[in-house]
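Here is the structure we will look at.
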Amino acid sequence: MSHALMHLLLLPARLSLWILSLVYYIVVYGTAGITACLVLIRIAWTGFRDPYRTFQWTIRKKPPDCLQDPALGHHAYLKGRSSGLRFHYVTKGDHRKPLMLFLHGFPENWYSWRNQLHEFSSHYHTVALDLRGCGDSDAPIRLEEYSLETLLYDIRDTIDELGHTSCILVGHDWGGMLAWHFALERPDMVQLLIVMNAPHPASWLDAVLRRPSQLLRSGHACFFQLPLLPEFVLSLEDFKLVRGLFCGTTVGIKNKARRLTESQLEGYLYRLSQPGGLTAPLNYFRSLLSNTLYKHQDVGVPCMLIWGEADNILVEGMSGGTRPYVRGPVVIHTIPECSHWVQQDQPEIVNKLIWDFVLDKDIIKHNH
């Protein structure tokens, strides 16, 4: 077959992919523009009414006590072999036991896994990692330092540096998206995959392209694509929007018994309030959304998806769309009246679901 003929036969497929990419970027950046306009109108209104309160924020001088509670685990650092960066993590349990590695989302850090570190440390070497640019881990400045490939190397290096060859990988939000991608790329290093309120990348793309209006529910992710403005907006009124993510009536934690105290909230605001503290976490959105049209092969390791049914942040219907993209055993649980912050909102339920999954004899048999 001649080169010209092959090129001609491939033309429809290439054209379809180009159109799909164009539609995707139009939707994403169109939503970003709409969201930015609404945000600027709100800033103008609140700034006019109370400029002092609107345009002030506080840089926290020292970490709150909750981040230094020894009962939660031991603080340590490791050096990534691929990047040379220093990563902070909190660990609990015997390092000779199987590794259970936790990856947090935005705008969180290792502390979001406080209820799981203790719960599973009796049977596992539990490790809650501060991802690159978050918490006390190193935070490179350049956007290209947050490419998907680079972030996946961080996970691989972490498992290696902790003295393990594989792990039970647990991720939430962007940490969940990274967990999906890592299981696709390195199934040999993932014994079991547990993801919370983060859809398989292909099901996310399917949901957005099928119903673009639903992307407005994730308008913040599109808004974060813009330079500088998101950092400024999130800082206003002493990080009011960040507070609202955790404590607001619409998207915040629903369980009254688990709502964050002021000290716990400061556990997240402390690092975000430092100069440049918001840019690195936002670079996850800026980089990873550009990788959404990534090759979406099926996940082959046993996995469980836990979804807070009252999630008002992510596009609805994405949890059920995950099943077609998993070749191995898959379990999907939805937790009623539970927010996006599922492992903090309903830790008892989440912990029980994890125990049931990791101790399931059929899952263990399949994995061997």
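The values are calculated or read from the model by the stated rules, or taken from the named source; none is laboratory data. In this text, all values refer to a predicted model and were calculated from it rather than measured experimentally. Positions of Cβ are backbone-derived with ideal geometry, glycine not excepted, and every protein chain shown enters the neighbour counts. Accessible surface is based on the protein model in full, side chains and every heavy atom, while ligands, DNA and RNA are left aside. Shrake-Rupley method; radii C 1.70, N 1.55, O 1.52, S 1.80 Å.
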Task: Cα-based shape type of segment 16-101, given that a ≥ b ≥ c are square roots of the gyration tensor eigenvalues and the cut on a/c is 1.5 - done: oblate
Task: Protection-proxy order for peptides 190-196, 352-358, each taking the mean of Cβ atoms within 10 Å per residue, highest first - done: 190-196, 352-358
- [ ] Find the Rg to Rh ratio for segment 85-163, where Rh is the Kirkwood radius over alpha-carbon pairs and Rg uses the same atoms.
- [x] 0.98
- [ ] First check a/c for segment 28-159, with a ≥ b ≥ c the square roots of the eigenvalues of its C-alpha gyration tensor; if it is under 1.5, answer rounded, and if not, answer prolate when a/b is larger than b/c or oblate otherwise.
- [x] prolate
TODO: Starting from one equal scatterer on each C-alpha and no solvent at all, send me the Debye-based log10 I(q)/I(0) for segment 57-131 at q = 0.13, 0.19, 0.21, 0.28 Å⁻¹, two decimals.
DONE: -0.41, -0.82, -0.97, -1.34
TODO: Run the 1.4 Å probe and let me know the accessible area of residue 26, rounded to the nearest 10 Å².
DONE: 110 Å²
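Taking the square root of 5 times each eigenvalue of the Cα gyration tensor, what semi-axes in Å does the equivalent ellipsoid of segment 119-200 have, largest first?
20, 15, 13
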